[in-house]
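Encoded as structure tokens, the structure appears first; notes follow it.
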Amino acid sequence: MIQLPDAGYAATTDDHAGVHAWFAEYDAAAARRDVEAMADLAVFPLNLVSDDSASEGASAQWDRQQYVDTMTHVMGDGTEDITFESVRTPVFLSAAMVIVFSDSTMTAGGTARQLRYADVLIKRNGRWAFQTMAQGGWGDNLR
């Protein structure tokens with residue numbers, strides 16, 4: 001019989017601080033439109049989960065180049081400042097796995113947009129990296 005681990009990992013203050021520091025680094029790279037630095041914070045292949053314009057679920061796996069190409073297109077040409085204000089709720093599954101729910105406001109060119117998404121981060125070699133992104137509205141780009 002397989003011995004399952006105890007549920008309900010109790011994250012430490014350091015666990016939370018590490019995840020919030022990871023997001024600060026990612027958001028700073030996004031604000032600079034440094035897509036290569038954003039990709040450095042991921043594990044590839046990267047899983048994507050979304051829905052499409054027909055309200056159907058969609059998923060895909062991207063390699064690094066596909067992530068860089070898509071995010072370069074999405075992030076725009078860099079003529080507008082981008083800022084992020086986010087409230088993040090990490091749910092730790094273990095010391096090395098966390099699902100982070102984010103409610104964010106992204107402001108670009110004076111226009112604010114509300115975002116809700118979730119990321120799965122895993123710790124490898126002592127550093128967090130994102131492995132799965134889940135956000136509505138990307139599905140038509142995943143086919």
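Just so it is clear, none of the values below were taken in a lab; they were calculated from the coordinates. Computed from a predicted structure; not experimentally measured. Note that we place each Cβ from the backbone using ideal geometry, even for glycine, and neighbour counts take in every protein chain shown.
A run of the chain free of exposed loop cleavage sites, with GluC sites (Glu not before Pro) counted only in DSSP states other than H, G, I, E and B and at most 16 other beta carbons within 10 Å, reaches its longest extent at 81-143. Compute the label zone of Asn47 within segment 116-143: residues whose backbone N is under 14 Å from the point 7 Å along Cα-to-Cβ. Correct set: 118-123, 130-135. In angstrom, the C-alpha Rg and Dmax of the chain are 15.9, 59. With a cut-off of 11 Å, note down the residues of segment 122-140 whose backbone N falls inside the zone around a label point 7 Å from the Cα of Glu56 toward its beta carbon. Under cut-off, by backbone N: 140. Here is the list for segment 1-92: chymotrypsin sites (Phe, Trp or Tyr not before Pro) lying in DSSP coil, each with at most 16 other C-beta atoms within 10 angstrom of its C-beta, are Tyr9. The slack between Glu36 and Ala10, meaning 0.36 nm per residue of separation minus the straight C-alpha distance, is 6.0 nm. For the chain, the mean residue ellipticity at 222 nm estimated from helices alone is -8000 deg cm²/dmol, where every DSSP H run of n ≥ 4 contributes -39500 (n - 2.57) and the total is divided by all residues, rounded to the nearest 500.
Each residue of segment 61-74 was assigned a 3J(HN,Hα) from its phi angle through the Karplus curve 6.51 cos²θ - 1.76 cosθ + 1.60 (θ = phi - 60°); the sequence is 10, 10, 8, 4, 5, 5, 4, 4, 4, 5, 5, 4, 5, 5 Hz, with glycine and proline shown as x. Look at where the Cα atoms of segment 72-138 and of segment 22-62 average out, and the two centres are 7 Å apart. Counting only alpha carbon atoms, the long axis of helix 13-31 and the longest principal axis of the chain meet at about 20°. Counting Lys and Arg as +1 and Asp and Glu as -1 over every other residue whose Cβ lies under 12 Å from the Cβ of Phe130, the net charge comes to 0.
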